[in-house]
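Okay, structure first, notes after.
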Amino acid sequence: MESIISEGKTSNEAIEKGLKELGCSRQDVEIKVLENEDKRSFYSILSPRVVKVELTLKENVQAAIEKRKVNSEEKILSEENYNLAKNNLSKFLDDFVKVFKDIDYEINKNNNLIEINITGENSNKLIGYRGDIINSLQTILTAIANKDVNDRVRISLDICDYKSKRENTLKELAKKLEKTVLRTKRKVVLEPMTAYERKILHTELQNSKNITTYSIGEEPHRKLVVDLKK
């Protein structure tokens, strides 16, 4: 069952943050307070108050979410809506690539996903620091693709295979982090990452017998924590 650890100044604040991340209500989860605001030592009285709670989706709720996820993934984007979305994207991208020299793009359909790949000598400029530009551009293209389209259109943008390379890098990082935490017996807090990147690390470590992962903080500064299982 899916579990997350959430933090806040009070139990209620931590719980509400966790519920927001899971996208569910209180009756859908089991709540366990890990660090209570009342259990503070004399030496920590001047430290920022932090309460940690663990929220675990109940089994029937988790099953329902997985079922909806499967149904969503099985839904195929119709040819009509694909053509509408592709036309929207082509109009924008035709003008967009004129700003840069030696840049080209291609649009392909993959079930209910529209994949856009941008290539060319100057295309690296569209990636940004750890993909911040490519992520913003994907958000813009998603909005453009969905204009006057009945079904929701999902967009995946890649530039010079950046995402596949980044995914491999994160998977290697996950293995190194697991070894580091097991060796030092201390948790590791990473720099802020996108939800997409955190999910790669979560997925890579979810079957570990000794390691757990959870996210802390608010977007866009949300961080992944790799820690020993209690």
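The values are calculated or read from the model by the stated rules, or taken from the named source; none is laboratory data. Because the structure is a prediction, the values reported are computed rather than measured. When we count neighbours, we look across all protein chains shown, and the Cβ atoms used for this are built from the backbone with ideal geometry, even at glycine.
Observations on the structure shown:
- Among residues of region 175-203, those that are under 19 Å from E21 (Cβ atoms) and assigned to a helix (DSSP H, G or I), counted: 9
- Condition check for F96 on (1) under 22 Å from the mean Cα position of the chain (by Cα); (2) not in a loop (DSSP other than H, G, I, E, B): one failure, at (1).
- Evaluated against (1) in contact (Cβ under 8 Å) with a residue 12 or more places away in the chain; (2) not assigned by TED's automatic domain parsing to the domain that holds V226, N108 falls short on exactly one condition, (1).
- Qualifying residues in region 204-230 (those that are under 19 Å from the mean Cα position of the chain (by Cα) and in a loop (DSSP other than H, G, I, E, B)) - the one nearest to V50 (Cα to Cα): G217
- Residue check, E74 modelled with pLDDT of 85 or more and surrounded by fewer than 18 Cβ atoms within 10 Å (Cβ to Cβ): no
- Failed item, numbered, when D132 is tested on (1) modelled with pLDDT under 90; (2) in contact with a helix residue (DSSP H, G or I) (Cβ under 8 Å, 6 or more places away or on another chain): (2)
- Subset tally (residues that are assigned to a loop (DSSP other than H, G, I, E, B) and out of contact with any helix residue (DSSP H, G or I) (no Cβ under 7 Å at 6 or more places or on another chain)) for region 153-167: 1
- Residue list for region 101-127, filter: of a type in the set (D, E, K, R) and at pLDDT 90 or above: D104, E106, K109, E115
- Cross-chain or 6+ apart pairs with Cβ under 6 Å, region 117-134 first and under 18 Å from M193 (Cα atoms) and in a helix (DSSP H, G or I), then at pLDDT 90 or above and among the small types (G, A, S): none
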